Amino acid sequence: MPRSILHVLRPLLFLLCVALVALVAAGCGNDLAQDPILALSSEEALDEGKRLLETEKFSRARRYLDHAFEAGPNSASGREALLRGADAHYLQGGRTNYIQCEAKYRDFLNRFPTSQRADYAQFQIANCLFQRMERPDRDQQITRQALAAYEELIQLYPTSGHVPEAEQRMVEVFNNLAESEYMVGSFYVRRGLCGAAIKRLAPLEAQHPNFPDKAKLRYQLGVAYRNC
């Protein structure tokens, strides 16, 4: 390329670069003006998020807590923000929030498996699943996952202060599973499938000693044996 053309293009390229830098800076400035949260440090955003959480402004709290984590993902404030953000979903409730909070608690455990709050995160994973349990006449996949999550808490963190509450909730989980098995067995009894009914009903009392209505269980089992 002739030098005369280069002399002409260089100033133009320089001006173009300056214009691009100014444009990017203006865009960042506009972002800050539109969302002042971005100007906060991780610690500042965490404090505001916790304050909003205490006043049950869950959606607003999550915006601050998400920024606190993104601004310092490996800092103490970032770790707490990730956990509090999961709490915000859990406390707000609803199926979608329970799914999202489970994901956040699992993310916390994956990132910080040796954290002193790891037992709490595991407990909350189980609670998120517990809140999504279906009725006994519906599919029990989530119920079984909740049971496994509570059992994992007890196995991994046997001295955790959350174990007693987990054990209480496990009774309800077991009862839900037992009632589901009872309903299936009773259906087989009504259909005259006594062998399948006995297979479902016979182990229930031993497997679930706290089954709330043993009388109805024994009655259906007796009917099944009588018909075989």
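The values are calculated or read from the model by the stated rules, or taken from the named source; none is laboratory data. Please read all numbers here as calculations on a predicted model, not as lab measurements. Here the Cβ positions follow ideal geometry from the backbone for every residue, glycine too, while neighbour counts run over all protein chains shown. All accessible areas refer to the heavy atoms of the entire protein, side chains included, with ligands and DNA or RNA removed. Shrake-Rupley method; radii C 1.70, N 1.55, O 1.52, S 1.80 Å.
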Compare M183, M170, M133 in a GNM of the chain, Cα atoms joined below 10 Å, and give the one with the largest fluctuation.
M183
With 10 Å bins from zero, work out the P(r) of the chain over every alpha carbon pair and list the percent per bin.
8, 21, 21, 15, 12, 9, 6, 4, 2, 1, 0
Linear extension gain, D47 paired with N175, 0.36 nm per residue minus alpha-carbon span
42.0 nm
Looking only at aspartates and glutamates whose Cα falls under 20 Å of K214's and that sit 8 or more positions away or on another chain, we get D137, E172, E179, E181, E205
Mind checking which lysines have their Cα closer than 19 Å to the Cα of K104? Skip sequence neighbours fewer than 8 apart in that chain.
K50, K57
Mean accessible surface per residue for region 69-228, computed with a 1.4 Å probe while every protein chain stays in place, in Å²:
54
Of M170, I198, Y98, which is farthest on the positive side of the dipole of the chain, counting Cα position, with +1 on Lys and Arg Cβ, -1 on Asp and Glu Cβ, and the Cα centre as origin?
I198
Can you tell me which of A126, A118, A202 moves the most in a GNM of the chain? Springs connect C-alpha atoms under 10 Å apart.
A202
Can you list the lysines whose alpha carbon sits under 21 Å from that of K216, skipping same-chain ones fewer than 8 residues off?
K199
How high is the FRET efficiency between D107 and N210 when r is their beta carbon distance and R₀ equals 41 Å, given to the nearest 0.05?
0.75
Suppose every Lys and Arg Cβ carries +1 and every Asp and Glu Cβ carries -1, with no other charges. What dipole size does region 82-172 come out with about its Cα centre, to the nearest 20 debye?
320
Charges at C-beta only: +1 for Lys and Arg, -1 for Asp and Glu. How large is the resulting dipole of region 121-190 about its Cα centre, in Debye rounded to 20?
160
Could you look at region 84-144 and say what percent of its accessible area is carbon and sulfur, using a 1.4 Å probe and all protein chains?
41
